[in-house]
Amino acid sequence: MELSNSSLFVTLVLGSFQILISKQRAVGVEYVRNGQKRTVGANTEVILTAGVVGTPHVLLLSGIGPKDMIEELGVHSNTFV
């Protein structure tokens, strides 16, 4: 399911994805849908709603969070904490 207009893009992702970071700012999201990698850029903000377990998981896999936890996962760190 994907919904969009000129100022909003909403999709249901049932696989892996990560938040794209540039200069300590979320600039988009990269995800896989139907076997194809897709990238969506953001002009103002990225809103992540993946639930109480999913949200911290996505943040860690995107390199956002406590540096020691991120390094354990072998992910490049965008650490702000």
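Taken together, the values in this text are just the output of simple stated rules run on the coordinates, not laboratory data. Small disclaimer: the values here were computed from a predicted structure and weren't measured. Positions of Cβ are backbone-derived with ideal geometry, glycine not excepted, and every protein chain shown enters the neighbour counts.
Numbers for the structure displayed
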read-out	value
Charge dipole magnitude, Cβ of K and R +1, D and E -1 - the chain, Cα centre, debye nearest 20	220
Where only C-alpha atoms are counted, convex hull volume of the chain per residue in Å³	104
Computed helical MRE - 222 nm, the chain, DSSP H runs ≥ 4 contributing -39500 (n - 2.57), nearest 500	-6500 deg cm²/dmol
Footprinting exposure proxy for Lys23, Lys67, Lys37 (fewest neighbouring C-beta atoms within 10 Å first)	Lys23, Lys37, Lys67
Additional length obtainable on full extension of the chain from Leu8 to Leu73, 0.36 nm per residue less Cα span	20.2 nm
Choice from Ile64, Ile21, Ile47 showing the highest fluctuation, given a GNM over the chain with Cα pairs closer than 10 Å	Ile47
Long-range HN-HN contacts of Leu20 with modeled amide H, under 5 Å	Val27, Gly28, Val29, Glu30
Principal-axis tilt of helix 51-61 within the chain, Cα atoms, nearest 10 degrees	70
